[in-house]
Amino acid sequence: MIATKLPSSEQMYDALVRRDPAFDGIFFTGVRTTGIFCRPICPAKKPARENVEFFEDARTALFAGYRPCKRCDPLATDGPVPDWLKPLIAQIEREGGKRWSDAELRDAGLDPVRVRRWFKQHLGMTFHAYRRAQRVGRALETLRNGETVTEAAFDNGYESLSAFYDAFRRLLDTTPARANSAATLHFTRINTPLGPMLAAATDDALVLLEFIDRRMLETQLRTIGNLIGHSPVPGANAVLQQTEKELAEYFAGERQEFTVSLYSPGSDFQKDVWNELLRVPYAETRSYSEQARRIGKPEAVRAVARTNGENRIAIIIPCHRIVGANGKLTGYGGGLWRKKWLLDHELKNSLVLT
C-alpha cells in the first residue's frame, strides 16, 4: 500500500504564500536562511522558494536542525499548547542551553510523566529527546554562523567538549568540526508519492537517494561518509535542490531523464553495472542476464543482481527497470510494491513526452 503523501512542493509553497489554513497541520516549512520551522499559516514574511524545505511533522524538522517559530508556534498543530505547559515552552526558548532534569521539572510544578507524555504524543519523542535535538540543532546553527566548537558547546549548555562531541555523534553521525566544514556532505529529506526519501550530496554531485524505510539506509550513510571522507550532516545545496525539483517532475510525469550530476564510487565491476542501468530507457525493462551480457560478463548474473541491490541512488539510477528472465518482478530494496508502481508510472507516462 502506498504511504500517505504530502502535497507537491509547488502546492505547499503556494499554500505557504497564501497562508492557506486548509494546509495547517499537513506540512511544516523549514527556512534555511533563518533556521526556523513554521506552520503554513505563519504571518512572517515568506521566504524565497530556494530557501524552503518541507517536513511532514515537527519532529523531523527538529532533527534537521530547525527550531520552532515563536510567531506561529508549530508545536501546537494538534491543538494549542496547554496552559500548564506554556511557561516551560517559553522558558526553554529563552534559555536554549539550559538542561532540565526531572527534579527541576518538579520544582517548576510540573509532573515529568505528564510532560513526557505530551511531547511523546505531539512530537513523537520525549521531552528530554526534544531538548537534545533542539540543542544539537542550535549548536549546528551557531557553528555555521562562524562560532568555534568551544563556543557552540558551552553557549548551548554542554558541560564539556566530550559531551558535545558525543551528542553530535549520536544524533548526526558526525563531529562538530566536520559539521562546520564548507566541504561537508549534506543530506535532506525529500517527500515523494512513494514515501519520504533521504538524499545526500556534495556540492558537486548526488551520492545517495534512498527510501527512508529501507533496511540498509544507515549502512549506506556510513559507507558514503567513509568514501567521501565527510560524515553527512543536515543541510542543503544546489545539487539537493536540483534533485528535489527533478524528482517532482518525474513523479508528475513531466520528466523521463535526469540531469543532476551523480557520483557512485565503487569497484570497476560495480561502476560497469550501475552505468549499464543508466542505459535502460524509460518505461522499458531488462533481465539480469541481459544486463550481465551487456557489460561483457554473461556468467556474472548473480553478481550483477547483488550489485543492483547495492545501488545507492534509487530511481535516478533505475535498478527498478531490471526484472527476472520471465518478466517477474524481483529484488528491489525499496519493496516490490514500489518497483511495480514505478514501472506502471513510467509505462503510463511513456507517451506524454516525445
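For the reader, a short list of remarks on this structure follows.
- Overall form of segment 212-354 per C-alpha gyration tensor (a/c, 1.5; a/b vs b/c): oblate
- Label-point gap, in nm, between ALA283 and ASP102 - each point 7 angstrom along Cα→Cβ: 6.1 nm
- Taking the Cα centre of segment 268-349 as origin and assigning +1 to Lys and Arg Cβ atoms and -1 to Asp and Glu Cβ atoms, the resulting dipole is close to 160 debye.
- The lysine pair count for segment 268-349, using Cα distances under 20 Å and pairs eight or more places apart or on different chains, is 6.
- Rg over Rh [alpha-carbon atoms, Kirkwood Rh] for segment 268-349: 0.93
- Residues with amide H under 5 Å from that of MET197, placed H, sequence gap 5 or more: ILE190, ASN191, THR192, ILE212
- Vicinal HN-Hα couplings computed from phi for segment 263-268 (Karplus, 6.51 cos²θ - 1.76 cosθ + 1.60; Hz; Gly/Pro x): 9, 10, x, x, 6, 4
Laboratory data are not the source of any read-out in this text; all were calculated from the coordinates shown. From a predicted model like this one, the values you see are computed outputs, not experimental measurements. Virtual Cβ from ideal backbone geometry, glycine too; neighbours counted across all protein chains shown.
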